[in-house]
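The values are calculated or read from the model by the stated rules, or taken from the named source; none is laboratory data. Fair warning: this is a prediction, and the values are worked out from it, not measured in the lab. Quick reminder, even Gly has a Cβ in these numbers, built from the backbone with ideal geometry, and neighbours come from all protein chains shown.
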Amino acid sequence: MVPKLLYVEDEEDDVYFMRRAFTRAGLEACLKIVGDGQAAIDYLSGCGQFSDRTEYPLPEVVLLDLNLPTVSGFQVLKWIRQNPEFLRLPVVVFSSSARQGDKTRARELGASDYIEKPGSGLEFGSVLEALKSRWLFMPRCGWPVQL
């Protein structure tokens, strides 16, 4: 079984570079993408267009931007942690914000990790490597980890 990562991102350039990194690594089947916070909640809930779990399987990891339209990343994280079925689902915040306040709030809301977006799209491959080593292909226990 191929692990699934749900990437919640509204910036087309970031989606392009992440998709490119997954494709280059031969992991394109692992990546599912939604463009806003409400779509992330709908995907995880299996609502509407996301009701077919064959096409939209539950992810093993959520990669979550904070600055999203409709519903913010913080609101999505809070929703995830308020749902018992997702308490152990790793949520990795992936944000351009280096603000300590954002990192603290993400940790308080139950983020499993916080990765700052790289300055160049060419560096998304290293982000994928970090995700693979920490979250995608490792046995998991004891979430959330300390940020």
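Of all residue pairs spaced 6 or more apart or on separate chains, those with beta-carbon atoms under 7 Å, a first member in the stretch 4-19 that is closer than 20 Å to Gln38 by Cβ and a second member that is assigned to a helix (DSSP H, G or I) and among the β-branched types (Val, Ile, Thr) are Val8/Val76; Glu9/Val15. Taken across the stretch 67-81, residues that are touching a strand residue (DSSP E or B) at 6+ places or on another chain (Cβ under 9 Å) and more than 22 Å from Lys4 (Cα to Cα) do occur, with at least one present. Considering the stretch 88-146, and only residues there that are at pLDDT 95 or above and aromatic (Phe, Trp, Tyr), the residue that is nearest to Leu64 (Cα to Cα) turns out to be Phe94. The residue pairs whose first member lies in the stretch 99-127 and is at positive phi, whose second member is crowded, with 17+ Cβ neighbours inside 10 Å and not in a helix (DSSP H, G or I), and whose beta carbons are closer than 6 Å, counting only pairs six or more residues apart or on different chains, are Gly110/Pro144. Lys103 fulfils the conditions (1) out of contact with any helix residue (DSSP H, G or I) (no Cβ under 9 Å at 6 or more places or on another chain); (2) in a loop (DSSP other than H, G, I, E, B) except for a single criterion, (2). Summed over the stretch 106-115, the residues that are crowded, with 17+ Cβ neighbours inside 10 Å and in a helix (DSSP H, G or I) give a count of 2. Within the stretch 7-39, which residues are in a loop (DSSP other than H, G, I, E, B) and not hydrophobic (A, V, I, L, M, F, W, C)? Within the stretch 7-39, Glu9, Asp10, Glu11, Gly26, Gly35, Asp36 meet the criteria.
Annotation note: Cβ proximity below 7 Å between a residue of the stretch 47-59 that is without any contact (Cβ under 8 Å) to a residue 24 or more places away in the chain and a residue that is charged (D, E, K, R) and not in a loop (DSSP other than H, G, I, E, B) (sequence gap 6+ or interchain) occurs for Gly48/Asp42; Phe50/Asp42.
Here's the yes/no breakdown for (1) in contact with a Leu (Cβ under 9 Å, 6 or more places away or on another chain); (2) surrounded by fewer than 18 Cβ atoms within 10 Å (Cβ to Cβ); (3) hydroxyl-bearing (Ser, Thr, Tyr):
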residue	(1), (2), (3)
Val8	yes, no, no
Asp13	no, yes, no
Ala21	yes, no, no
Val34	yes, no, no
Cys47	no, yes, no
Val61	yes, no, no
Asn83	yes, yes, no
